[in-house]
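Some notes on the structure that comes next.
The values are calculated or read from the model by the stated rules, or taken from the named source; none is laboratory data. Nothing here was measured: the structure is a model prediction, and the numbers come from that model. Because the Cβ atoms are built from the backbone with ideal geometry, glycine has one as well, and the counts that use them run over all protein chains shown.
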Amino acid sequence: MGTFLGLAFTLTLLFCVAQGKVLYYDFVVKETPIDMLCETNRTVLTVNGLFPGPEIHAHKGDTIYVNVTNIGPYGVTIHWHGVRQIRYPWSDGPENITQCPIPTNSSFLQKVILTEEEGTLWWHAHSDWTRATVHGPIIILPITNYPYKFDEQHTIVIGEWYARDTKAIIDEALATGGDPDLSVAYTINGQPGDSYPCYNGLMYNIEVVRGKTYLFRIIHSGMNEEMFFGIAKHNLTVVGMDGAYVKPLKTNYLMITPGQTMDVLVTANQAPGRYYMVFSPFVDTNAPSNKNVTRGVFQYNGNYNHSETPVSPELPGFTNKSDAGNFTIQLRSLNSKEHPSTVPTKITRNITITVSVNQQPCPANKTCLGPGDDSMHSASLNNISFSAPSISILQAYYNNINGVFNKTFPDKPPFVFDYTGNVSALGEAAFVSTEVLMIKYNEEVEIRFQGTNFGAAENHPMHLHGYSFYVVGMGDGNFSDSYVSQYNTVDPPYINTVGLPKNGWTAIRFKANNPGVWFMHCHLERHSSWGMDTVLIVGEGPNKDQKMLPPPHHMPPCSGS
Ligand SMILES: [Cu+2]
């Protein structure tokens with residue numbers, strides 16, 4: 001009887017843990033005046049008038065309903081970055097992949113289903129370039145304990161600020177094939193800091209107490225540049241990434257890509273004073289880039305000369321590819337008893353994808369502003385430059401509507417060449433199409449991303465929706481089968497965005513146990529806009545709990561359908 005009661009109690013507890021709480025948030029997308037640097041009287045799209053947007057707080061396993069109302073001038077979508085949305089792609093958000101945009105003056109009730117995620121994630125717009133100002137944190141607290149100790153926690157959102165409307169920027173760039181405008185500043189929690197003219201005292205400033213340990217939840221919501229980060233004279237200990245724990249990694253700088261989050265402990269153990277905390281771009285390309293830095297201050301309380309100029313951290317230089325790589329390859333998942341790693345080891349589907357920056361010839365009778373002023377910028381995966389359809393792929397798939405996409409994204413590059421060598425004799429045009437990668441339920445999938453030397457080669461932060469994946473290997477040059485024996489299948493990091501090194505390769509693994517339609521793309525916006533994207537359609541299993549959940553009663557309408 002006692003055992004029975006104990007079992008019943010345990011089952012009840014498990015049930016409660018699995019169910020979590022139900023939370024409600026209201027998001028209103030609207031034009032908001034934000035004064036930034038020397039410009040005033042400009043409005044940008046925000047959620048609830050905030051830049052960065054409101055923070056969602058939840059516990060592991062909670063379900064969050066967000067009623068998104070759009071009163072902005074054009075349609076938008078919202079994505080919950082890193083939330084796996086198990087069996088429920090309907091709320092995932094990428095425009096014309098899982099939904100059509102929420103039209104002006106209407107709402108979409110989105111259901112965000114947390115399961116195993118624990119740590120820091122974020123939400124952002126996923127239509128054209130509106131995510132520049134439409135983004136915010138998702139903080140997921142553990143149900144019981146953290147696997148580390150700290151005294152206070154703070155969220156740090158890195159943003160990238162543009163001098164004019166970001167939708168106009170990308171619409172124009174895609175029309176001419178030219179380079180989109182560069183951002184003019186990087187921001188920390190919406191504040192540019194004192195490295196910019198007219199910053200008006202808007203600088204992120206945290207007052208700390210000597211001896212205390214601070215947890216910084218860092219979210220890179222910038223658009224087009226990876227970042228180095230450091231705090232003068234203070235060590236950083238990375239303890240989490242992309243909503244999962246990592247083995248504590250002690251370092252004096254981070255390299256974080258757009259799309260990634262990192263949870264970092266910092267102990268205030270230096271002489272009382274003011275110390276700069278700095279984000280500085282990692283620019284490993286000869287493409288144009290914003291080479292500004294942004295600064296905040298890590299400032300001790302107490303008696304000392306508060307007007308002294310803060311000390312600066314020594315960060316890797318803008319182009320320091322080896323320091324970027326050396327940081328990334330040290331990351332390991334926690335792999336503890338409470339947080340075990342479950343790396344797939346019986347791979348049933350092995351996919352190789354080349355990742356390229358391309359150019360397309362300028363159509364006749366058109367003026368183009370791409371490379372040489374006679375071409376259009378483009379980008380591709382396996383030489384296919386993704387063209388988004390005019391209705392959602394998820395709705396076409398679910399309703400068996402033909403002619404919206406092809407199920408023919410290849411498992412291998414269309415032809416073999418020295419990917420990272422001299423490619424100047426090869427044509428740079430890619431095949432423009434809507435090709436989808438079909439994957440069977442429960443396959444153990446490996447994807448080897450292979451960077452190529454076409455165009456302006458650089459690091460590509462590859463992001464997959466609906467999953468986190470284990471990064472089992474990474475290196476420079478062309479991938480070789482002999483690298484498989486050196487994979488880390490014990491404690492590789494479990495993340496949703498991985499920086500594919502410039503002219504290098506990265507291998508990821510995941511078990512395809514989340515049926516649905518899932519976007520996969522470079523998280524540099526200009527590359528994604530140029531076609532460095534594809535979609536994974538993961539099929540259903542035979543059991544009821546292995547199938548997609550039904551759609552909500554209301555989805556934003558698709559005018560093309
Ligand atoms: Cu890219």
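Could you say which residue among V208, V264 is farther than 24 Å from W122 by Cα and in contact with a Phe, Trp or Tyr (Cβ under 6 Å, 6 or more places away or on another chain)?
Values: V264 fails: farther than 24 Å from W122 by Cα.
The match here is V208.
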Take Y419 and decide whether it is farther than 15 Å from I97 by Cβ and hydroxyl-bearing (S, T, Y). yes
Pairs, please: C-beta under 7 Å, at least 6 apart or cross-chain, first residue under 16 Å from P94 (Cα atoms) and in region 116-144, second of a type in the set (K, R)? H124/R131; A125/R131; D128/K167; W129/K167; T130/K167
Do any strands (runs of 3 or more DSSP E) entirely within region 141-232 hold 1 or more residues that are surrounded by fewer than 19 Cβ atoms within 10 Å (Cβ to Cβ) and charged (D, E, K, R), and if so, which? 152-161, 205-208
Tell me which residues, restricted to region 344-389, are under 21 Å from D411 (Cα atoms) and of a type in the set (A, V, I, L, M). I347, I351, I353, V355, V357, A379, L381, I384, A388
Filter region 124-139 down to the residues that are under 22 Å from Q19 (Cα atoms) and surrounded by 23 or more Cβ atoms within 10 Å (Cβ to Cβ) and list them by number. I138
Out of P515, P550, sole residue that is of a type outside the set (K, R) and surrounded by fewer than 20 Cβ atoms within 10 Å (Cβ to Cβ): P550
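Can you find a residue that is more than 16 Å from the ligand (Cβ to nearest atom) and within 27 Å of G539 (Cα to Cα) anywhere in region 416-424? Show your work before the answer.
Within region 416-424, the first condition is being more than 16 Å from the ligand (Cβ to nearest atom), and the residues that meet it are 416-418, 421-424.
This time we only want the ones that are within 27 Å of G539 (Cα to Cα), so: none.
Within region 416-424, none of the residues are more than 16 Å from the ligand (Cβ to nearest atom) and within 27 Å of G539 (Cα to Cα).
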Residue satisfying condition, being closer than 25 Å to M255 by Cβ, part of a strand (DSSP E or B), of a type in the set (K, R) and under 21 Å from the mean Cα position of the chain (by Cα), within set R509, R526: R509
Before we move on, is G119 over 17 Å from D263 (Cβ atoms) and modelled with pLDDT of 95 or more? no
Where a residue in region 524-547 is under 22 Å from A429 (Cβ atoms) and modelled with pLDDT of 95 or more and its partner, wherever it lies, is within 10 Å of the ligand (Cβ to nearest atom) and of a type in the set (S, T, Y), with Cβ under 7 Å and at least six apart: none
Selection within region 502-561 - hydroxyl-bearing (S, T, Y), under 24 Å from S433 (Cβ atoms) and within 16 Å of the ligand (Cβ to nearest atom): S528, S529, T534
Of the residues that make up region 328-337, is at least one under 18 Å from I447 (Cβ atoms), in contact (Cβ under 8 Å) with a residue 60 or more places away in the chain, within 16 Å of the ligand (Cβ to nearest atom) and out of contact with any Phe, Trp or Tyr (no Cβ under 7 Å at 6 or more places or on another chain)? yes
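Taking the criterion of being surrounded by 14 or more Cβ atoms within 10 Å (Cβ to Cβ), at negative phi and of a type outside the set (A, V, I, L, M, F, W, C), would at least one residue in region 17-28 satisfy it?
There is at least one residue in region 17-28 that is surrounded by 14 or more Cβ atoms within 10 Å (Cβ to Cβ), at negative phi and of a type outside the set (A, V, I, L, M, F, W, C).
Here's a check for you: in region 360-382, which residue that is among the polar types (S, T, N, Q) and over 22 Å from P94 (Cα atoms) is farthest from the ligand (Cβ to nearest atom)?
For region 360-382, the residue satisfying everything is N365.
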Every residue from region 34-82 that is in contact with a helix residue (DSSP H, G or I) (Cβ under 9 Å, 6 or more places away or on another chain) and among the hydrophobic types (A, V, I, L, M, F, W, C): V44, L45, V66, V76, I78, W80
Number of positions in region 442-495 that are within 16 Å of the ligand (Cβ to nearest atom), touching a helix residue (DSSP H, G or I) at 6+ places or on another chain (Cβ under 8 Å) and part of a strand (DSSP E or B): 2
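Filter region 60-69 down to the residues that are in a strand (DSSP E or B) and under 20 Å from Q260 (Cα atoms) and list them by number. Please lay out each step first, then the result.
Taking region 60-69 first, the residues in a strand (DSSP E or B) are 63-69.
If the condition is that a residue be in a strand (DSSP E or B) and under 20 Å from Q260 (Cα atoms), then no residue fits.
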